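Colleague: Provided herewith is a single structure, encoded as structure tokens, for subsequent inquiry.
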Amino acid sequence: MVSQSAEYSLRAVLCLASEPRGNALTTQQIAERSNIPAGYLAKLLQVLGRARIVASQRGLNGGFSLAIAPEKLTLLDIVRAVECSRRITTCPAGNPQHDIQLCPLHRRLDAAAATVEELLKSTTIAQVMAESNAMAALNTCTQIAQCPPEKAQRGTTPSRVAEVPAGFLD
């Protein structure tokens, strides 16, 4: 339901959001960290720049940074910058009778697109980053729990995993 361009754009923005405010990354750095082809990424960054989602700066320490705070930037903002809406308002098959009222198939396809659009609209980059950070912490905890006792550090054996320091998963 989301194009390759939209997914790459989302990954690039998440990469930029993980940097401290004011830090700029080059196209090559973003491409390597996000596993996006650099040439394709360069074009997407231009589109995101025209949409005022990213800012670019030239010269020493130049590159790209977020132009909008992650708390105010929704996934839908990014997707809409690189692709048209997937909502169906007229019959894709060209049936004029379906332009008045969509047929059952196209009504359901439009409803699916509306559901995806609403989820993207209600999710900010900050929320995705927070969830990613929580998952990374949880994965670290799980890896410690699965570590063989002879390789586990004191206090990290499977029987003592509950003793994770307070705030570790926050």
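The values are calculated or read from the model by the stated rules, or taken from the named source; none is laboratory data. Predicted, not measured: the structure shown is a model, and the values here were computed from it. Cβ sites come from the backbone with ideal geometry, for glycine too, and all protein chains shown count toward neighbours.
Colleague: Please count how many residues of segment 81-111 are touching a residue at least 24 places away in the same chain (Cβ under 8 Å) and assigned to a helix (DSSP H, G or I).
Modeller: Step one: of segment 81-111, the residues touching a residue at least 24 places away in the same chain (Cβ under 8 Å) are 81-83, 85-88.
Those left that are additionally assigned to a helix (DSSP H, G or I): 81-82.
Total meeting the criteria: 2.
Colleague: Please work out if Arg86 is of a type in the set (Lys, Arg) and either surrounded by 15 or more Cβ atoms within 10 Å (Cβ to Cβ) or modelled with pLDDT under 80 (or both).
Modeller: yes
Colleague: In segment 117-128, what residues are surrounded by fewer than 16 Cβ atoms within 10 Å (Cβ to Cβ) and either more than 12 Å from the chain's Cα centre (by Cα) or touching a residue at least 12 places away in the same chain (Cβ under 8 Å) (or both)?
Modeller: Here is the first cut: in segment 117-128, the residues surrounded by fewer than 16 Cβ atoms within 10 Å (Cβ to Cβ) are 118-119, 121-123, 126-127.
Those that are surrounded by fewer than 16 Cβ atoms within 10 Å (Cβ to Cβ) and either more than 12 Å from the chain's Cα centre (by Cα) or touching a residue at least 12 places away in the same chain (Cβ under 8 Å) (or both): Glu118, Leu119, Lys121, Ser122, Thr123, Ala126.
Colleague: Go through segment 1-24 residue by residue and tally those that are surrounded by 13 or more Cβ atoms within 10 Å (Cβ to Cβ) and in a helix (DSSP H, G or I).
Modeller: 13
Colleague: Just the residues that are assigned to a loop (DSSP other than H, G, I, E, B) and buried (at least 18 other Cβ atoms within 10 Å of the Cβ), please, taken from segment 25-68.
Modeller: Step one: filter segment 25-68 for residues assigned to a loop (DSSP other than H, G, I, E, B), giving 26, 35-37, 51-53, 58-62, 67-68.
Ile36, Ile53, Ile68 - these are the residues of segment 25-68 that are assigned to a loop (DSSP other than H, G, I, E, B) and buried (at least 18 other Cβ atoms within 10 Å of the Cβ).
Colleague: Output the qualifying pairs, or none if there are none: Cβ atoms under 7 angstrom, residues six or more apart or on different chains, first residue in segment 30-44 and closer than 13 Å to Phe64 by Cβ, second residue aromatic (Phe, Trp, Tyr).
Modeller: Ile30/Phe64; Ile36/Tyr8; Leu41/Tyr8; Leu44/Tyr8
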